[in-house]
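Computed from the coordinates by the stated procedures, all read-outs in this text should not be read as laboratory data. Fair warning: this is a prediction, and the values are worked out from it, not measured in the lab. All Cβ positions, glycine included, derive from the backbone under ideal geometry; neighbour counts span all protein chains shown.
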Amino acid sequence: MSRAPRARRQAPQAPSIRSIIRRPAWVLAILLVALAANIGVSFLPIPHFARTAFNLLMAAVTVAGIAVIFMELDRKGVTIRLFAATGFVWLAILFLLIFSDYGARP
Amino acid sequence: MSDATVHAAEEAAIREPWEDINRQRQAVEMGMWAFLASEILFFSGIFAGYTIYRSSYPEAFWVAGGHTSLWYGGANTTILLVSSAVIALVPRSARWLSLGSFARMMLWIGACLGIAFLVLKGFEYAEDFHEHLFPGPDFELHEKGAQLFFAFYWCVTAIHAVHLIIGIGLVARLAIAGARDPLWFSRTPAVQATALYWGLVDIIWSIVFVILYLPGRGS
C-alpha cells in the first residue's frame, strides 16, 4: 500500500488587525457600560446593602471580562484554568470564613 | 513566515532549562498564573481586613468613602480598562512577524496609559493631602473608624501603584527588546506573561475602585 504524499505544512496567514481588535473592543465597550452603571447606581436612593451588592456584582463582571477575554482564559485548557482559579478559590474560602463569623453573631 | 524563519525565531526565544519552545510557553503561562494567584492572596489579606473593619464601622466607612475623588477614580478606572484591552491585543498579534510593529505599538500605548494613570493618581494624592485626608493628628473627618478607611485607601492604592510601575517597566522592556529582535519577539513567552501581569493589575483596581470610591455617594 503506497502512502499518500505528506502535504507541506502551510504557515498560517496573519489575521487582519480589524479581526484581532473586534472582540476585545466589544468587551471593553461592555466593561465601560458596566462601569458607568456602577457609578450611576451609587447615586440612587436605594438601601446601602443593595447598592453595595450591585457594585460588587459589576466588579465581578469586570473581573470575569478581563480574565476570560483579555487574559484569554476562554482559549486555554483545563489545567491553565485550574491554575487561574486557585487564587479566586482561596479568596472565596477566606471570605466564607469571615462572613460565617459575622453571620453567626447574635 | 517560512519554516526556516519559524525555527530561527524559536531558537532565539528558547531559554534554559527547556528544550522545546511549546513546553517553555506552557510552563511560563502556568507559572505566571500561579504567581498571579499568590498576588491575589496578597491583596486578599488587605481586602479581608477592609471587610472586617467596614463591618465594625459601617457608617464611618460610608462617610469616608464619600470623600474620595470619584472623578479621579472613575477616570483612572477607564484608563486602566482601555489599557487592558490594548495590552490584550499584544499576544493576539505578536506571533506574526508582519504584525510585530503593531504589537509593539500597543505595548507603548499601554505603557503611556499606565503613566497617565499614575499622573492622575499624583494629582489625586495632592488633593487628598490638601484636604487633610491622610491619617494623623490633622485628619479632616471625625467619625470613629474614618481614619481606618483612609489607612486602607493609602495602603491599597500605593501598593497597586507599585504594581503598575513594575507593569509599565515590563511592558516598556518588552517593546524595546522586541524592536531589537523581532524574531525573538514573535515567539517569546514573555509576551503572554507580561500581558497576564497587566491583566492582574487591572483586576485588582476593579475591586479597589468599588470598595474605596463608590461608598457614600448620593446620600
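Structure data summary
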| item | result |
| --- | --- |
| Folded to 0 to 90 degrees: helix A:48-65 orientation relative to chain A principal axis, Cα | 10 degrees |
| Rounded to the nearest 20 debye, dipole of the protein assembly as shown from Cβ charges on Lys, Arg, Asp, Glu | 1520 debye |
| Computed over chain B, Kirkwood Rh from alpha-carbon pairs, angstrom | 19.1 Å |
| The stretch B:98-161 - percent relative contact order, Cα under 8 Å, separation 6 or more | 20 percent |
| Degrees separating the helix A:17-41 axis from the principal Cα axis of chain A, which is the longest one | 0 degrees |
| Around residue B:156: net Lys/Arg minus Asp/Glu count, Cβ-Cβ under 15 Å | -2 |
| Rel. contact order, % - alpha carbon contacts under 8 angstrom, at least six apart, chain A | 21 percent |
| Computed FRET value (nearest 0.05) for residue A:100 with residue B:140, which takes r as the C-beta separation and R₀ as 25 Å | 0.10 |
| Whole-number percent relative contact order across chain B, with pairs defined as alpha carbons under 8 Å at least 6 apart | 36 percent |
| Gaussian network model of chain B, springs between alpha carbon atoms under 10 Å - residue of B:110, B:45, B:66 with greatest fluctuation | B:45 |
| Summed side-chain charge close to residue A:95 - residues other than residue A:95 whose Cβ falls under 14 Å, Lys, Arg +1, Asp, Glu -1 | 0 |
| Average other protein chain Cβ within 10 Å of Cβ, residues A:82-92 | 6 |
| Positive minus negative residues near residue B:66 (Lys, Arg vs Asp, Glu; Cβ under 13 Å) | -2 |
| Nearest 10 degrees, 0 to 90: helix B:3-13 Cα axis against chain B principal axis | 50 degrees |
| Only Lys, Arg (+1) and Asp, Glu (-1) charged, at Cβ; chain A dipole about Cα centre in debye | 860 debye |
| Most fluctuating residue given options B:39, B:19, B:124, as computed from a GNM of chain B linking Cα atoms under 10 Å | B:19 |
